[in-house]
2 protein chains.
Amino acid sequence: MKLLDIGVLSKQCGVPPSTLRYYEEIGLIQSVARNGLRRQFDSPVVTQLALISLGKMAGFSLEEIKGMFAKDGTPQLPPAELHLRADALDEQIRGLTRLRDALRHVADCPAETHMDCPKFKRLIQFASRSTQSAMR
Amino acid sequence: MKLLDIGVLSKQCGVPPSTLRYYEEIGLIQSVARNGLRRQFDSPVVTQLALISLGKMAGFSLEEIKGMFAKDGTPQLPPAELHLRADALDEQIRGLTRLRDALRHVADCPAETHMDCPKFKRLIQFASRSTQSAMR
DNA sequence: CTGCCACTTGAAGTCAACTTGAGGTCAACC
DNA sequence: GGTTGACCTCAAGTTGACTTCAAGTGGCAG
């Protein structure tokens, strides 16, 4: 099992060392050993960091992310709970899709008064309706 | 043109008055008049707030959102730029979709060591690869 | 005309998620 | 053996997005 120095991990995952230390401090990841002073990380941490990055994209707080995974990085929620999170993601995806469509529509629609364009308004209203409940 | 009292707008959009005042302070929205001391908002602000809410969901900062729309709320970026934002959203949507799929997979997969499950790892690695560039 | 209550201001406080800085350690290359 | 460079700790600072607070104002119901 080869171990990763914090600098290597940092470069590999695109996360600054300071952030990795911070994540360890709050218990989001673990270093498994020290080489002298230096933290050594286990290679599965790479996957964990990928999950964390995804979780952040999805708008979860670090605390929430921490609650979702056991210390080895395996998702640690009952199946029903996982499906709920997945459902919430579906909502969010729908909202983002509409926002994307709205942006593309505006980019291509020659009208200059988008605020009055029924198509635009419909996209926005729909999108934000589903959003309201999903906001944390 | 009927005007909305800050309290009415707040209730209608689910945004606290303090936040509306804050948004006005940083120039994200405008009140068009006063009734005595009270701010009066124009009805298009409702749509603007919907856009802001969507922008936040998508992970844009208030500064970025402010840069995207003119003071009347109409998107104010050149078409090419809009398409770029839409592309970024597509990336993000792909990442969220994979995260969702990963969650659903974990919920239903009987294996207890998801970290080693090739399907799970593939979903995660893919997802975070596309994520890296999209992170702000 | 007297309360009341939803609003007003400006300043200060809060929270998450980091980053920065000062001062120290250690192994390795010149 | 000395300097460099990558790491260490702990505390303090920063940023974004608000919220809270104290003290004041204005319209309208009774």
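The values are calculated or read from the model by the stated rules, or taken from the named source; none is laboratory data. All values reported here derive from a predicted model rather than from experimental measurement. In this analysis, Cβ positions are derived from the backbone assuming ideal geometry, glycine residues included, and neighbour counts consider all displayed protein chains. Side chains included, ligands, DNA and RNA excluded: accessible areas come from the protein's heavy atoms. Shrake-Rupley method; radii C 1.70, N 1.55, O 1.52, S 1.80 Å.
Ignoring everything except DSSP H segments at least 4 long, calculate the 222 nm mean residue ellipticity for chain A; use -39,500 (n - 2.57) per segment, divide by total residues, nearest 500.
-20000 deg cm²/dmol
Give me, ordered by chain and number, the residues 5 or more places off A:R39 or on other chains with an amide H under 5 Å from its own placed amide H.
A:I6
For A:F126, place a label point 7 Å from Cα along the Cα-to-Cβ direction in every copy; what are the distances to the other copies, in nm, shortest first?
Inter-copy label distances (nm, one decimal, shortest first): 2.6.
Students often get this wrong, so check it: of A:K121/B:K121; A:K121/B:K119; A:K119/B:K2; B:K66/B:K119; A:K11/A:K56, which have C-alpha atoms separated by over 30 Å?
The pairs that break the limit, which is 30 Å between Cα atoms, are A:K121/B:K121; A:K121/B:K119; B:K66/B:K119.
State, to one decimal in nm, how far the label point of B:D108 lies from the label point of B:I26, with both points 7 Å from Cα in the Cβ direction.
My value for the distance between the label points is 4.1 nm.
When you take every Cα atom in the protein assembly as shown, what is the radius of gyration, and what is Dmax, the widest Cα pair distance, in Å?
Cα only, the protein assembly as shown: 21.6, 72 Å (Rg, Dmax).
Counting partner chain Cβ atoms within 10 Å of every residue's Cβ in A:90-98, what's the average?
Average neighbour count from other chains, rounded to a whole number: 4.
Collect residues whose amide H, placed 1.01 Å from N in the peptide plane, falls under 5 Å from the amide H of A:F69; neighbours closer than 5 in sequence don't count.
HN-HN under 5 Å from A:F69: A:Q76.
Ignoring any ligand, DNA or RNA, what whole percent of the accessible area of chain A comes from carbon and sulfur when the probe is 1.4 angstrom?
Carbon with sulfur: 54 percent of the solvent-accessible area.
Between A:D87 and B:K2, with labels modelled 7 Å along Cα→Cβ, what's the label distance in nm to one decimal, could you check?
Modelled inter-label distance: 3.5 nm.
Do you know the relative contact order of chain A, to the nearest whole percent, from alpha carbon pairs under 8 angstrom that are 6+ apart?
The value is 17 percent.
Looking at chain B, I'd like the Rg to Rh ratio, where Rg is from alpha-carbon atoms and Rh is Kirkwood's inverse mean 1/r.
Rounded to two decimals, Rg over Rh is 1.16.
Does region A:79-134 come out rounded, prolate or oblate, given a ≥ b ≥ c as the square roots of the eigenvalues of its C-alpha gyration tensor, rounded meaning a/c under 1.5 and, failing that, prolate meaning a/b above b/c?
Note, shape of region A:79-134 comes out prolate.
I need to check one value: relative contact order of region A:21-90, counting alpha carbon pairs closer than 8 Å and at least 6 residues apart, in percent.
Worked out over region A:21-90, it gives 22 percent.
Which FRET efficiency value, to the nearest 0.05, is calculated for B:T97 and B:R34 with the Förster distance at 45 angstrom and r the Cβ-Cβ distance?
Efficiency, rounded to the nearest 0.05: 0.45.
Take peptides B:109-117, A:86-94 and line them up by average Cβ neighbours within 10 Å, highest first, as a rough protection proxy.
Ranking, from highest mean packing down: A:86-94, B:109-117.
Relative contact order of region B:79-134: what whole-number percent is it, with Cα pairs under 8 angstrom and at least 6 residues apart?
46 percent
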